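Report on the following structure.
Every read-out reported here was derived from the displayed coordinates using simple, explicitly stated rules and does not represent laboratory data. Keep in mind it's a predicted model, so treat the numbers as computed, not measured. Counting neighbours? That spans all protein chains shown, and the Cβs are built from the backbone with ideal geometry, glycine included.
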């Protein structure tokens, strides 16, 4: 296996703490400094099927954003399908999986100046089939950084726990990045979490402030979350939703809540709400200055004349089988991921990593013996 190309394993203390955000930003920052960057996510749990292959979603994001020029199957060698764990426990094939990961890394590192290895969840994820993040980092001969989310006590506690498992595997944790830090507490967190981590022997490499843009879903993500379907305006599925309003009040009252980026949730038989939404749409305004869209809850559609008006408007319309409360609940509990083509979010992530993470110090620590 390639032991020459520099590499870093990006792990996290929990799922959705910001590994992919970090990898996305580091890829751009390292490209500026080093040249050709490779990427691999050895074990993926969320995947899409491309040309008959199960490819991790984050791998697709990196490839479509940066055109890595490595076969997708090499960047995503193992997809944990629903029955993967059961099959492994019945008939372990650890050596074959290790060889697949090592061979894939060699392909990902081919003609590259540096490789980013993205983990999956916390340090112990994958232990049930003998491929925890910590053991994969060891197999690939990589040092690791840990990504956690904002605060002081919680990040330090969880990094201590995760660092222990990496140390058990003989993997050096060279630093940490704290993500989603409240702007009002940014300086306090950076100061005191940094001091707390130093007591563990872990250097704080950066703090990334929470940004509301990154937490906002688009219409396509919401449609999937509420088991919906576009009945109009599906081509605007990337329109960002800033807030949502349930149309369960009088027309005069509900319009007080209409503002750019608002998603209206209403059954189709509330014609007063739907007409109010239509009349508030500025057909000539850019996306940032108009309502985001309309969800017709309970699969209740308006009468044909009003439905036709909706279809001739600039207002995207989604129909969902869920009632208004469940639609709102699903949206509220969504985990919002950055998707390929979300350039506003990607540009913001790249700028934040470049500004807030000490990338040059990270490279120094990787090179240190």
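Computed per residue of the chain from DSSP H runs no shorter than four, each worth -39500 (n - 2.57), the mean residue ellipticity at 222 nm is -12000 deg cm²/dmol.
Measuring r between the beta carbons of residue 259 and residue 36 and using R0 = 45 Å, the FRET efficiency lands at 0.50. A simple spin-label model places the labels of residue 16 and residue 269 3.4 nm from each other, with each point 7 Å out along Cα-to-Cβ. Of the peptides 135-144, 74-83, the ranking by mean beta-carbon count within 10 Å, highest at the top, reads 135-144, 74-83.
Note: relative contact order over the chain, using C-alpha pairs below 8 Å and six or more positions apart, is 18 percent. Against the chain, whose longest principal axis is taken from its Cα atoms, helix 94-109 shows a tilt of about 80°. Ordering of 195-202, 324-331, 47-54 by packing is 324-331, 195-202, 47-54, highest average first (other Cβ atoms within 10 Å, averaged per residue).
Give the angle, between 0 and 90 degrees and rounded to the nearest 10, that separates the Cα long axis of helix 186-199 from the longest principal axis of the Cα atoms of the chain. Between helix and principal axis, roughly 30 degrees.
Taking only C-alpha pairs under 8 Å that are 6+ residues apart, what is the relative contact order of segment 32-90 in percent?
Result for segment 32-90 is 39 percent.
The share of C-alpha pairs in segment 1-135 whose separation exceeds 26 Å stands at 17 percent. Listed peptides 165-178, 292-305 appear in the order 165-178, 292-305 once ranked by packing, highest mean of other Cβ atoms within 10 Å at the front.
Summarise the long-distance tail of P(r) for segment 38-105 by giving the % of C-alpha pairs beyond 15 Å. So the pairs more than 15 Å apart make up 52 percent of the total in segment 38-105. With axes computed from alpha carbons, what is the tilt in degrees of helix 57-66 against the longest principal axis of the chain, rounded to the nearest 10 within 0 to 90? Around 90 degrees separate the two axes. Here, segment 217-332 is characterised by an Rg to Rh ratio of 0.91, where Rg is the alpha-carbon radius of gyration and Rh the Kirkwood radius.
In the calculated pair-distance distribution of the chain, the portion above 36 angstrom amounts to 32 percent of the Cα-Cα pairs.
Taking every C-alpha pair closer than 8 Å and separated by at least 6 residues, the mean separation divided by the residue count of segment 217-332 gives a relative contact order of 33 percent.
Per the Debye calculation on segment 287-352 with a single equal scatterer at every Cα and no solvent contribution, log₁₀ I(q)/I(0) for q = 0.12 Å⁻¹ amounts to -0.49. A straight chain from residue 127 to residue 361 at 0.36 nm per residue would run longer than the Cα-Cα distance by 81.1 nm.
If you take the beta carbon distance between residue 242 and residue 92 as r and set R0 to 56 Å, what does 1/(1 + (r/R0)^6) give as a FRET efficiency, to the nearest 0.05? The partial results should precede the final answer.
Values: r = 49 Å, r/R0 = 0.87.
So, using R0 = 56 Å, E works out to roughly 0.70.
Assuming R0 = 41 Å, what is the FRET efficiency of residue 249 and residue 224, from their Cβ-Cβ distance, to the nearest 0.05? Mind showing how you got there, number by number?
Values: r = 28 Å, r/R0 = 0.68.
Approximately 0.90, to the nearest 0.05.
Please state, as a whole number in µm²/s, the translational diffusion coefficient that the Stokes-Einstein equation yields for segment 151-269 at 20 °C and 1.002 mPa s, with Rh defined as the Kirkwood radius across alpha carbon pairs. After rounding, the answer is 119 µm²/s. The modelled label-to-label distance between residue 164 and residue 107, using points 7 Å beyond Cα along the C-beta direction, is 3.8 nm.
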